[in-house]
Protein chains: 4
Amino acid sequence: MKHTGTMTITVGWGDCAPSGAVYYPNYFRWFDTAMWNFFDAAEWPLRELEQAHGIVGLPLIETRANFKRPCRLHDALGIETRITGFQRKTLEMTHTLTNAGAVAVEATDVRFWGVRHADGSGRLTAAEIPADVIAFFGGA
Amino acid sequence: MKHTGTMTITVGWGDCAPSGAVYYPNYFRWFDTAMWNFFDAAEWPLRELEQAHGIVGLPLIETRANFKRPCRLHDALGIETRITGFQRKTLEMTHTLTNAGAVAVEATDVRFWGVRHADGSGRLTAAEIPADVIAFFGGA
Amino acid sequence: MKHTGTMTITVGWGDCAPSGAVYYPNYFRWFDTAMWNFFDAAEWPLRELEQAHGIVGLPLIETRANFKRPCRLHDALGIETRITGFQRKTLEMTHTLTNAGAVAVEATDVRFWGVRHADGSGRLTAAEIPADVIAFFGGA
Amino acid sequence: MKHTGTMTITVGWGDCAPSGAVYYPNYFRWFDTAMWNFFDAAEWPLRELEQAHGIVGLPLIETRANFKRPCRLHDALGIETRITGFQRKTLEMTHTLTNAGAVAVEATDVRFWGVRHADGSGRLTAAEIPADVIAFFGGA
């Protein structure tokens, strides 16, 4: 794939639970930020994608995360984010979070290409991802 | 004052920092919830106040909090919320958070009666709080 | 399985993103709370399990969540939590979050039975889940 | 005063409420981080202060914040943190948060020099701040 988003985090006091390790919902806050950063770094910010294609964000329909080792107060973390697959109406992003060089968390999100339904109700329906978007972000 | 909002909280794992005490920004999350609950309990929900009076929420302009004793994992807390003062365009709410019968945190918010500015810019300006609102919520 | 933990949530202002829907990391905060509540409701609180068996929490090694419909400000949600599987050293918990009677999010956590490693380093290692624990929580 | 801590933040999706403005408890998360960063930048990290002087953090006993203008998604914020006063057993820190060059939030924390009480109960008591600490951080 063409683009990789990168992000660094220093684990703060408020990110940790009483055990001293990161409270795990915070990993998802970071992955959500990493997703926005990914599109910014690709110079196709999510807001511009929305305007160009009439989508309403990239709604999350599935996430899977594997926690391989704990991260603790003051640890310096890195996140690498990639689009790791395109289906007709969905795409898959993978976030690899490392701590001192070792993978600590790996997460995969599935998001759909959401446009307003033609019935005017405001609800979203999945549409086909345009070929130029797939080409730009590095699909086959 | 006429109305008191009450709310109970059991301190959860994710509410606490590595010290085992509540991470203090979480108190403000609870006080914000207490504010919404206060208006619901008064049977004049914030959403109805907005529609009836053309306000856009009750924007916070000041908050002061005193932390008197720590709260820890599994502690059962209570919050009592009252309107403790009306000025012409602002009101003051006080949240008293107790832990095992003793006051642990006391916070006072100042919020303004915000309406859209006549210039059409979308920005908010403070307007006079209507007499019926002051009467309903127990002003002098 | 024998036990079901239940929990209700009213979606608050601070739980939602600018779209008006719940910011998804908050679901994981709620599922973590649901996990603690599950053991409390089973009258075998996590803290007592730790003391009785020498475990250090039930570290999360994997989570998978499917987001089926959005939840919005003031929605009244329910969560049902169950242990849906035991392996030799791990267990699987499933959280079913409903909104107005329909499943909105379904999440499955894999957690391991973590004890201090014999090498004295403080790190955790997975141990076999005792038969009485499996029996108590309803394993085959 | 001698030291100023500086920090920058880009407002993220999850930092904002449905209004599109920052959900205000998040400002306190950032001010707490700014406090840790301040001591790191002064090359006297909080952890070293604790070890050198037997204190247990710098417990917060009071905070006051004034919200002057809203901050919104993608705004680039700056925070400047200073110690703005020493009393015998407490110190005052001020955080000035700017958005596009204008002060958006100003907050002042009062924290005490907390050591373990001599009674062995584990509770904290306020002690006099050592003269070298006051001198180092720029007190008169």
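Nearest 10 degrees is fine. How inclined is helix D:25-41 to the longest principal axis of chain D, computing both from alpha carbons?
Between helix and principal axis, roughly 50 degrees.
Count, for each residue of A:20-30, the Cβ atoms from other chains sitting within 10 Å of its Cβ, then give me the mean as a whole number.
Across A:20-30, the average partner-chain Cβ count within 10 Å equals 6.
What nm value, rounded to one decimal, do you get for the distance between residue A:66 and residue D:123 when each label is placed 7 Å out toward the C-beta?
Going by the 7 Å Cα→Cβ label model, 5.0 nm.
Please state the charge dipole magnitude for segment D:52-140, taken about the Cα centre, from unit charges on C-beta atoms (+1 on K and R, -1 on D and E), reported in debye and rounded to the nearest 20.
180 debye
Quick one: dipole size for the protein assembly as shown, taken about the Cα centre, charges +1 on Lys/Arg Cβ and -1 on Asp/Glu Cβ, in debye to the nearest 20.
Roughly 0 debye, rounded to the nearest 20.
When a/c is below 1.5 the answer is rounded, else prolate if a/b is larger than b/c, else oblate, so apply that to the protein assembly as shown with a ≥ b ≥ c taken from the square roots of the Cα gyration tensor eigenvalues.
rounded
Let me know the mean shielding of B:119-132 by other chains, meaning the per-residue number of their Cβ atoms within 10 Å of its Cβ.
0
Only helical DSSP H runs with n ≥ 4 go in: add -39500 (n - 2.57) per run for chain C, normalise by residue count and round the 222 nm mean residue ellipticity to 500 deg cm²/dmol.
When only DSSP H runs of four or more count, the value is -6500 deg cm²/dmol.
Which distances, in nm and shortest first, link the residue B:88 label point to the same label point in every other copy, taking 7 Å along Cα→Cβ?
4.4, 6.5, 7.8
What is the packing order of peptides D:15-23, C:58-66, taking the mean over residues of other C-beta atoms within 10 Å and listing the highest first?
Sorting D:15-23, C:58-66 by mean packing, highest first, produces D:15-23, C:58-66.
Can you send over the solvent-accessible area of residue C:132, 1.4 Å probe, protein chains only, in Å² to the nearest 10?
80 Å²
Run the dipole for segment C:1-107 about the Cα centre, Lys and Arg Cβ at +1, Asp and Glu Cβ at -1, nothing else charged, and hand back the magnitude in debye, nearest 20.
280 debye
Considering only the other residues whose Cβ falls under 14 Å of the Cβ of residue A:22, what net charge follows from Lys and Arg at +1 and Asp and Glu at -1?
Result for the neighbourhood of residue A:22: +2.
Considering the rotational relationship between chains B and A, which residue of chain B contributes the beta-carbon of minimal distance to the axis, and what is that distance to the nearest Å?
Nearest residue, distance rounded to whole Å: B:18, 3.
Taking beta carbons within 10 Å but only from partner chains, what does the mean come to for residues B:66-75?
The shielding value for this peptide is 3.
Which one of C:30, C:118, C:104 has its Cα pushed farthest toward the positive end of the charge dipole of chain C, where Lys and Arg give +1 and Asp and Glu give -1 at the Cβ?
C:104
Any idea what the residue D:61 label distances to the other copies are, label 7 Å down the Cα→Cβ vector, nm, shortest first?
Counterpart label points of residue D:61 in the remaining copies fall at 3.0, 4.8, 5.7 nm.
Long-range amide H contacts for residue C:23: which residues qualify at under 5 Å (H placed 1.01 Å from N, peptide plane, sequence gap of 5 or more or a different chain)?
Under 5 Å from the amide H of residue C:23: C:16, C:17.
If you rank A:94, D:125, B:6 by how much accessible surface each has, with a 1.4 Å probe, what is the order from largest down?
Descending order: B:6, D:125, A:94.
Just need the relative contact order of chain C here, percent rounded to a whole number, with Cα pairs under 8 Å and 6+ apart.
With pairs under 8 Å counted, the relative contact order is 27 percent.
So, taking all protein chains as they sit and a 1.4 Å probe, how much accessible area belongs to residue A:3, in Å² rounded to tens?
It works out to around 50 Å².
Excluding same-chain residues fewer than 8 positions from residue C:89, which aspartates and glutamates have a Cα within less than 18 Å of its Cα?
Residue C:89 reaches C:50, C:62, C:109, C:128, C:132.
Select from A:5, A:93, A:134 the residue farthest towards the positive end of the dipole of chain A; place +1 on Cβ of Lys and Arg, -1 on Cβ of Asp and Glu, and compute about the Cα centre.
A:93
In terms of modelled amide H atoms, which long-range or inter-chain residues lie less than 5 Å from the amide H of residue B:75?
B:11
Sorting A:48, B:50 by accessible area (1.4 Å probe), largest first, what list results?
Ranking A:48, B:50 by accessible area, largest first, yields A:48, B:50.
With an 8 Å cut-off on Cα pairs and a minimum separation of 6 or more residues, tell me the relative contact order of segment D:86-140 in percent.
Relative contact order of segment D:86-140: 32 percent.
With the label 7 angstrom out along Cα to Cβ, how close does residue D:10 come to the same site in each of the other copies, in nm, nearest first?
Values, ascending and in nm: 1.9, 3.7, 4.1.
For residue D:61, list long-range residues whose amide hydrogen, built 1.01 Å from N in the peptide plane, is under 5 Å from its own amide hydrogen.
Hits under the 5 Å cutoff: D:110, D:111, D:112.
The values are calculated or read from the model by the stated rules, or taken from the named source; none is laboratory data. These numbers were taken from a predicted model, which means no experiment stands behind them. Because the Cβ atoms are built from the backbone with ideal geometry, glycine has one as well, and the counts that use them run over all protein chains shown. The protein model used for the area step is the full one, side chains on, heavy atoms only, and it has no ligands, DNA or RNA in it. Shrake-Rupley method; radii C 1.70, N 1.55, O 1.52, S 1.80 Å.
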